[in-house]
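What follows draws every value from the coordinates through simple rules; no lab data is involved. What you see is a predicted model, and the numbers here were worked out from it, not measured in a lab. Using ideal geometry, Cβ is built from the backbone for each residue, glycine included, and neighbour counts are taken over all protein chains shown.
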Amino acid sequence: MDYEILEVWQMDTITTPFASLVVPDENGCATASSAEISSSGTERGTLSATHIFKSKLPDIELPNKLILHTYCFLKLPEIADRPCLIIGDKTYTYSHTHLLKRKVAAGISKLGVRMGDVIIILLPNSSEFVFSFMAASMLGAVTTTANPLYTVAEISNQLAASKPKLAVTLAAHVHKLNLDSGLEVVVTVDDLPENCVSFAEVSATEKNEVPEEEDISA
């Protein structure tokens, strides 16, 4: 896959890069397009240079009919014990990641999440983010993600637009969630505020309750 970087330059006494942009075309390929910027006290900047960066590795073929939670584990029997997810000093193998995302899928299913429902993940980068995202995918649910640094007003707007049934977040951010938006369940990954559900409880599903993967590639 090629990525074409468009450098937009600010025209001043010393010419320096002002910004770098990656612009995809309708086929998902990076292409050049004209661009202009203006900055107070400077002349108008224009597109100055184009660079193409190509990997030395072969292109990765992505099958159109496979969704993420299936595609990531297609070679599970061959790579079960290899590192899949590294968060700080903790490493999850492919087999462990595969099991945990299935257990979380079963857990949030028991909390009422169904195909077509929306969940909101209000978390920093974490293992719980990955397990929740893939669990929702397994159930055919939709995930909307929000930055924990968002204000209450910003998150309220996102809740109103996406209408999630369930939220996964940190205890410190529960106050940012407007329960009048239709949100039914709040799952916290650390402490357990009142009226919330622990992520540990959600992911502690028995093996016989874990849903099997659906083959949607046919």
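Would you mind ranking 144, 205, 169 so that the residue whose beta carbon has the fewest other beta carbons within 10 Å leads the list? Mind showing how you got there, number by number?
Numbers: 144 17, 205 20, 169 25.
In order of increasing Cβ crowding within 10 Å: 144, 205, 169.
Mean projection of the alpha-carbon convex hull of the stretch 70-218 over all orientations, in nm²? Walk me through the numbers on the way to the answer.
On the way: hull surface 37.5 nm².
The number I arrive at for the stretch 70-218 is 9.4 nm².
Take every Cα pair under 8 Å in the stretch 68-209 that's 6+ residues apart, average their separations, divide by the length, and report that relative contact order as a whole percent.
Details: 231 pairs, mean separation 31.8, N = 142.
Here the relative contact order equals 22 percent.
Just in the stretch 124-193: which GluC sites (Glu not before Pro) are loop by DSSP and have at most 16 other Cβ atoms within 10 Å?
Details: sites: 128, 154, 184; in loops: 184.
Filter output for the stretch 124-193: 184.
Report the FRET efficiency, 1/(1 + (r/R0)^6), for residue 201 and residue 76, where r is their Cβ-Cβ distance and R0 is 30 Å, rounded to 0.05. Before the final figure, lay out the partial values.
Details: r = 26 Å, r/R0 = 0.88.
Result of the calculation: an efficiency of 0.70.
Which of 111, 179, 139 has the fewest other C-beta atoms within 10 Å, and how do the rest follow up to the most?
On the way: 111 15, 179 12, 139 21.
Exposure proxy ranking, most exposed first: 179, 111, 139.
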